[in-house]
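Taking it in order: structure first as structure tokens, then the write-up.
The values are calculated or read from the model by the stated rules, or taken from the named source; none is laboratory data. None of the values given here were measured: they were computed from a predicted structure. Here Cβ is always computed from backbone atoms with ideal geometry, including for glycine, and neighbour counts include all displayed protein chains. Please note that ligands, DNA and RNA were not included when accessible areas were found on the heavy atoms of the full protein model with its side chains. Shrake-Rupley method; radii C 1.70, N 1.55, O 1.52, S 1.80 Å.
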Amino acid sequence: MASLSQTKVRTAAASEEAQHINWGNLLLWIGVGFLIFITLFPFYWVVRTALSEPNSVYAYASDFLPHDATTFNFERVLGMIDPASLVGQQATNLSAGTINFWVYLRNSFVVAGLITIGQTLFSSMAAYAFARLKFPFRDQIFFLYLTGLMIPGIVLFIPNFVLIRQLGWIGTIQGIVAPTILMTPFAVFFMRQFFLSLNKDLEEAALLDGTTAFGVFWRISLPLMRGPLLTMGVLTFIGAWNEYLWPFLVGRDESVRVLTVALNVFKSQTPQGAPDWAGLMAGTVVSIVPTILLFLFFGRRVVDSIQFSGFK
Amino acid sequence: MAAVKIASPPEPGLFARLANSQTFLGYAFILPSLIGFVVFFAVPAVSSLFISFTEWNLLTDAEYVGLQNYETLFADDRFWRALQITLTYVLWNIPIQTVLAIGIALIMDKLSNSPLLRGLLILPWLMPNVVVAMLFVWLLDPTLGIINIFLQNIGIGRQGFFGDPNQAIASVAGVNIWRHMGYTAILIFAGLKTIPKSLYEAARVDGANGLVQFLRITLPLLRPVLVFVLVTTVIGSFQIFDTIAVATEGGPAGATRTIIVYIYEQVFERRINMGLATAACVVLFLILITVTIIQTRFLRANQSDLAEYS
């Protein structure tokens with residue numbers, strides 16, 4: 001009898017608890033759902049607008065699905081449609097400044113690619129030296145790099161702009177990539193933290209076995225660093241791809257214009273009274289795609305590295 | 001035999017000696033980054049300071065004018081207004097963003113930390129500022145923006161957002177809260193994971209409710225992560241530019257002319273005035289240093305309460 005009532009009590013308590021948790025959790029799940037909605041809806045709305053027939057954007061502003069769904073805007077933005085053929089149509093609000101998206105896309109890839117390769121390589125080499133090698137003034141030099149973390153970008157932009165101008169590099173790819181292709185203090189700092197967290201035993205054992213310091217780096221450390229290098233590479237690429245102010249200052253010429261700059265120029269070119277929303281949003285989608293792809297492949301790595309960076 | 005071998009090792013060649021010299025390798029490895037650091041970070045930072053004591057329009061030679069730029073700057077109403085607008089922006093942005101991020105992190109901790117959810121949360125942060133701004137210019141458009149249509153349908157009525165001088169800076173802050181809250185939440189979530197679960201169990205045994213646990217355990221032990229988050233987001237927040245460049249271009253009526261917009265105008269839009277622009281840069285730098293020092297002192301960044309428990 002005693003055991004039976006105990007069981008009863010226990011079950012009642014358990015079900016009460018289960019119910020309690022369910023209500024609380026349900027509320028939280030609703031919160032999560034709302035959060036996901038808030039995060040994803042703007043993206044959906046951009047795609048929806050980009051797929052709409054340009055004039056229907058005005059007539060059917062609140063339709064949930066694209067009205068008269070069409071890829072016309074993407075074709076326009078990517079230059080697959082001759083701009084001259086647009087003039088004849090009654091749609092007066094279509095932006096004509098849309099033609100060179102392939103060029104801008106290529107420029108963005110070249111700029112972000114060069115910065116990623118250079119900055120990841122050179123910053124990682126420096127980070128390895130700071131983390132593992134012993135040489136005079138090592139800590140003093142590293143401390144100098146750390147103070148560089150504190151300097152706001154705009155403080156550097158103005159003298160750097162003057163320097164690039166004196167070099168005659170305004171409107172060139174090398175002018176856009178120069179300031180960050182060799183290093184950023186953050187990249188060195190971030191990679192050094194990674195290297196410090198790697199196990200030292202293997203390297204020390206190899207040194208004891210008579211391997212040279214370079215041999216240790218080349219045959220033991222480097223293979224272990226593949227993960228951190230890839231992470232740094234992805235983060236650098238996203239950062240370089242998203243950069244706006246510097247490429248805007250140095251690379252306004254169409255031949256070297258990157259996507260972020262192009263997008264804003266594109267916006268300022270569309271008719272003021274009735275902006276070409278469908279075209280603008282198609283351009284926006286195009287400029288997001290590479291980041292999304294990168295994220296689909298490396299998303300977990302990016303998230304983990306962000307968490308990692310939070311502790312340093 | 002072995003002893004003899006060790007006593008007379010073969011004379012290593014130059015290459016082998018260099019390959020084994022940590023000093024040589026160390027300098028060889030840091031050389032490219034050192035060049036980059038000196039040319040594009042150290043020298044510009046110092047020369048900014050020097051330029052701020054000169055009158056210079058890029059066309060003629062710079063002329064030393066002492067503190068005149070700083071006097072002009074401090075006498076310029078637009079500069080003070082820019083500082084005030086920037087501060088308003090930071091005060092809209094940081095508290096809301098941080099509180100929301102802590103909330104999201106707590107929910108993740110309680111419900112699910114699936115990679116999918118974390119991926120979704122980080123998505124806005126991966127987008128260029130320019131793209132995010134463009135997106136919201138469309139969503140918040142006065143006549144066609146879906147958010148305004150929604151507000152009208154539920155009876156609140158249409159808002160000016162970027163176009164209303166009273167709402168513009170808060171709208172910019174809202175856009176950046178949207179972009180950054182997931183990213184910040186993930187940082188804070190990583191901090192939550194370092195708090196030993198046994199502490200909460202002990203507190204529960206002592207009869208502490210959820211709120212008490214949060215105030216007495218979670219917040220104090222999150223401090224190192226919160227310091228990192230606050231220091232980096234505040235520094236970033238003071239330098240807001242991209243979103244404004246796209247959404248409002250400093251307007252309407254100068255309502256979003258933040259400090260960086262002000263500096264930008266001195267160099268690229270008005271009569272070129274390098275001295276005044278760099279003087280404003282130096283002032284911004286001093287403000288950031290001061291704010292950072294206050295934050296780290298106030299939040300005792302270097303101490304961890306976790307040490308007291310272990």
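Annotations for the structure displayed:
- Taken over the range A:158-179, residues that are at the interface with another protein chain (Cβ under 8 Å from one of its Cβ atoms), within 15 Å of A:Phe248 (Cβ to Cβ) and open to solvent by 40 Å² or more (accessible area, probe 1.4 Å) amount to 1.
- Spans of helices (runs of 4 or more DSSP H) in the range A:71-144 with at least 2 residues modelled with pLDDT of 90 or more, more than 11 Å from chain B (Cβ to nearest Cβ) and surrounded by 17 or more Cβ atoms within 10 Å (Cβ to Cβ): A:101-132
- Among the residues of the range B:261-276, those that are touching a residue at least 40 places away in the same chain (Cβ under 8 Å) and crowded, with 21+ Cβ neighbours inside 10 Å comprise B:Val261, B:Tyr262, B:Met274, B:Gly275, B:Leu276.
- Extreme residue, most open to solvent (accessible area, probe 1.4 Å), among residues of the range B:107-136 that are within 8 Å of chain A (Cβ to nearest Cβ) and over 24 Å from A:Gly31 (Cβ atoms): B:Asn129
- Residue match in the range B:42-58 (condition: touching a residue at least 12 places away in the same chain (Cβ under 8 Å), open to solvent by 60 Å² or more (accessible area, probe 1.4 Å) and either in a loop (DSSP other than H, G, I, E, B) or small (Gly, Ala, Ser) (or both)): no
- Across the range B:177-212, the number of residues qualifying as over 25 Å from A:Val303 (Cβ atoms) and open to solvent by less than 20 Å² (accessible area, probe 1.4 Å) comes to 1.
- Counting only helices (runs of 4 or more DSSP H) that sit completely within the range B:158-268, those holding 3 or more residues that are of a type in the set (Phe, Trp, Tyr), facing chain A (nearest Cβ under 9 Å) and closer than 26 Å to A:Ile38 by Cβ correspond to B:168-192.
- Residue check for B:Asn148: touching a helix residue (DSSP H, G or I) at 6+ places or on another chain (Cβ under 7 Å) and among the polar types (S, T, N, Q): no
- Those residues of the range A:1-32 which are modelled with pLDDT of 70 or more, more than 23 Å from B:Val175 (Cα to Cα) and open to solvent by less than 70 Å² (accessible area, probe 1.4 Å), in sequence order: A:Gly24, A:Asn25, A:Leu28
- Yes/no for A:Leu35 being under 24 Å from A:Ser287 (Cβ atoms) and modelled with pLDDT of 85 or more: no
- From the options A:Val250, A:Val261, A:Val234, A:Val303, residue that is open to solvent by less than 20 Å² (accessible area, probe 1.4 Å), among the aliphatic types (A, V, I, L, M) and more than 27 Å from A:Pro42 (Cα to Cα): A:Val250
- Against the test of being surrounded by fewer than 20 Cβ atoms within 10 Å (Cβ to Cβ), of a type in the set (Val, Ile, Thr) and in contact with a helix residue (DSSP H, G or I) (Cβ under 8 Å, 6 or more places away or on another chain), the options B:Ile35, B:Ile104, B:Ile85, B:Ile96 yield a single qualifying residue, B:Ile96.
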